[in-house]
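The values are calculated or read from the model by the stated rules, or taken from the named source; none is laboratory data. Computed from a prediction, not measured in an experiment: that's the story for all the values here. Neighbour counts run over all protein chains shown; Cβ positions are idealised from the backbone, glycine included.
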Amino acid sequence: MRRHTHIASLAALGLLAVPLAACSSGSTDGGGSGELTSGPIEIWYSTNEQEIAWGEQVVEAWNADHPDEQVTAQAIPAGSSSEDVIAASITAGNTPCLVFNTAPSAVPAFQKQGGLVNLSKTFDDAEDYITSRSGGAADGFRSADGDLYQLPWKTNPFMLYYNKDVFAEAGLDPENPALETYDDVLAAAKAIKESGAADYALYPPATADYTNVNFDFYPFFLANSGGTQLIQDGEAAFAGEAGLETLEFWQTLYSEGYSSAEAYSGDMWAGPFADGVSAMGVAGPWGKAQFDGKVDYGVVSLPTSDGTAADETSTFADSKNIGLYSSCENQQTAWDFLKFATNDDNDLALLEGTGQFPTRTDVDELAADFLASEPFFEPFSTGVPLAVDVPTVGGLAEKLQVFRDAWSQNVQSGSGDLKSAFEEAAQSVDAIAD
């Protein structure tokens, strides 16, 4: 979820200029030198209000039992994005030991900077701990060398939210709307526009920033392609049949005026749906906290070209993971705290307190009572094993920007030869070295 990166308005990069006393320069393999040591550490977490509360409770519980290994915690300092803040901190040599908001897409770049510890090689129990907790999902976060430089932490399967009041005003069924296929959504969009019930059917972030692909094309493409990543097996995969179907769907939304290519004046991620400007929105389970009290909403799985059963529909995971950074002096304490923060009790507290699902194989069993008492989370729980993240490849930002430029010119414009434009974009992406 870049959601928490953007909800969190981040502090000036200049604040990172003074290195921390406990820091040393990083190494490419992250293995450090000499014996692993224990002692005080610093961590960062997201500025999301619910996550801060969770983090404070975890740190307090740890510190009560570890007087010689105290943890100091703070929200990620502010900047243009958390990724930029972390990258600048790696360069300055003043990263904290752990960041509980590490974006998988940024890991190759952080690794190239020498900023991340190779968990697989540094800690004897890392592979067993991570794979027993997260199962096969861990393999999706391995770096090119096959090792893990991040611990899979939490996943936020994207679903399609819809405004029940808007649907009722447009003559659509507010309790069981037909939204299984692209044609269904386009028909609903037509009814919404003609009724004037809302200004737009869907209104994702419209700027040309490459990260916004996660809020329009990518979730729908994952659903339509059975979980194929934008870059699969080293090659761009978005120009095939499934991709072109999704591109045509979005081009129609723009050409018919069902979506807007203008940047939203408020919160561009949650604002249009929360403000009633759009009838539908794409979000993870964190949407509940954003929309409660503002919109009477329902949630369904993402549509596909032909319609796919909800329990078979892939979606975007919007994962955030935990990175252990190589400037950390007391790496043994950092690893021990990382495991403590992701044990059964703290993982359950994360779900109950933030609505975000820990990336583990036994969520349904661990959180059975909570899920039974909170039916809203049921479709998201179903989506956890079907959730797919961004590809962990080098040069991802540059590659996705090529896609985004083609998107702006041929999809948001409402016109363009999709096949030729995106085949050309795919060739350009494949030519970019990792």
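Quick check: anything in the range 165-182 under 30 Å from W335 (Cβ atoms), surrounded by 24 or more Cβ atoms within 10 Å (Cβ to Cβ) and not charged (D, E, K, R)?
Checking the range 165-182: not a single residue is under 30 Å from W335 (Cβ atoms), surrounded by 24 or more Cβ atoms within 10 Å (Cβ to Cβ) and not charged (D, E, K, R).
Of the conditions (1) touching a residue at least 60 places away in the same chain (Cβ under 8 Å); (2) under 20 Å from L186 (Cβ atoms), E241 fails just one. Which one is it?
Of everything listed in (1) touching a residue at least 60 places away in the same chain (Cβ under 8 Å); (2) under 20 Å from L186 (Cβ atoms), E241 misses just condition (1).
Within the range 266-293, how many residues turn out to be within 20 Å of E49 (Cβ to Cβ) and out of contact with any Phe, Trp or Tyr (no Cβ under 9 Å at 6 or more places or on another chain)?
Selection size over the range 266-293: 6.
Just one of (1) of a type outside the set (D, E, K, R); (2) free of Cβ contacts under 8 Å to residues at least 12 places away in the same chain; (3) not assigned by TED's automatic domain parsing to the domain that holds A138 trips up Q409, so point out which.
All conditions pass for Q409, except number (2).
Just checking, how many residues over the range 123-137 are under 18 Å from L98 (Cβ atoms), touching a residue at least 60 places away in the same chain (Cβ under 8 Å) and either of a type in the set (G, A, S) or in a loop (DSSP other than H, G, I, E, B) (or both)?
Counting residues in the range 123-137 that are under 18 Å from L98 (Cβ atoms), touching a residue at least 60 places away in the same chain (Cβ under 8 Å) and either of a type in the set (G, A, S) or in a loop (DSSP other than H, G, I, E, B) (or both) gives 3.
Using the structure shown, decide if T333 is polar (S, T, N, Q) and either on the phi > 0 side of the Ramachandran plot or surrounded by fewer than 22 Cβ atoms within 10 Å (Cβ to Cβ) (or both).
No, not satisfied.
Residue under question is L172, and the condition is that it be assigned to a loop (DSSP other than H, G, I, E, B), in the same structural domain as F220 (by TED's automatic domain parsing) and at pLDDT 95 or above; does it hold?
Criteria met by L172.
Return yes or no: is A367 buried (at least 18 other Cβ atoms within 10 Å of the Cβ), small (G, A, S) and not assigned by TED's automatic domain parsing to the domain that holds Y129?
No; evaluated as a whole, the condition is false for this residue.
Considering only residues that are in contact with a strand residue (DSSP E or B) (Cβ under 8 Å, 6 or more places away or on another chain), under 20 Å from P375 (Cβ atoms) and touching a residue at least 60 places away in the same chain (Cβ under 8 Å), which ones fall in the range 342-353?
The answer is L350, and nothing else.
Taking strands (runs of 3 or more DSSP E) that do not extend beyond the range 33-117, which have at least 1 residues that are surrounded by 19 or more Cβ atoms within 10 Å (Cβ to Cβ) and aromatic (F, W, Y)?
The qualifying strands (runs of 3 or more DSSP E) are 41-45, 98-102.
Out of (1) touching a helix residue (DSSP H, G or I) at 6+ places or on another chain (Cβ under 8 Å); (2) within 21 Å of G276 (Cβ to Cβ); (3) not β-branched (V, I, T), the odd one out for D199 is which?
Among (1) touching a helix residue (DSSP H, G or I) at 6+ places or on another chain (Cβ under 8 Å); (2) within 21 Å of G276 (Cβ to Cβ); (3) not β-branched (V, I, T), D199 violates only (1).
State all residues of the range 128-186 that are of a type in the set (D, E) and in contact with an Asp or Glu (Cβ under 6 Å, 6 or more places away or on another chain); if no residue qualifies, say none.
Result: D165, single match.
Go through (1) in a loop (DSSP other than H, G, I, E, B); (2) among the polar types (S, T, N, Q); (3) buried (at least 19 other Cβ atoms within 10 Å of the Cβ) for T361 and report which single condition fails.
Failed condition: (3).
Looking only at residues that are of a type in the set (A, V, I, L, M), surrounded by 19 or more Cβ atoms within 10 Å (Cβ to Cβ) and out of contact with any strand residue (DSSP E or B) (no Cβ under 6 Å at 6 or more places or on another chain) in the range 206-236, which one is farthest from S81 (Cα to Cα)?
Out of the qualifying residues, it is A236.
If you scan the range 302-322, which residues turn out to be over 17 Å from L186 (Cβ atoms) and either under 18 Å from the mean Cα position of the chain (by Cα) or without any contact (Cβ under 8 Å) to a residue 40 or more places away in the chain (or both)?
A309, T313, S314, T315, F316, A317, D318, S319, K320, N321, I322
Being small (G, A, S) and either part of a helix (DSSP H, G or I) or outside the structural domain of W250 (by TED's automatic domain parsing) (or both) is the filter; apply it to the range 182-229 and report the residue that is nearest to D311 (Cα to Cα).
In this case the residue turns out to be A223.
If you go through the range 288-311 one residue at a time, how many are in a loop (DSSP other than H, G, I, E, B), under 12 Å from G383 (Cα atoms) and not polar (S, T, N, Q)?
Matching residues across the range 288-311 total 2.
Does the range 279-287 include one or more residues that are part of a helix (DSSP H, G or I) and buried (at least 22 other Cβ atoms within 10 Å of the Cβ)?
Yes, that holds for at least one residue.
Mind checking which residues of the range 113-172 are more than 30 Å from L202 (Cβ to Cβ) and of a type in the set (F, W, Y)?
The answer is F123, Y129, Y149.
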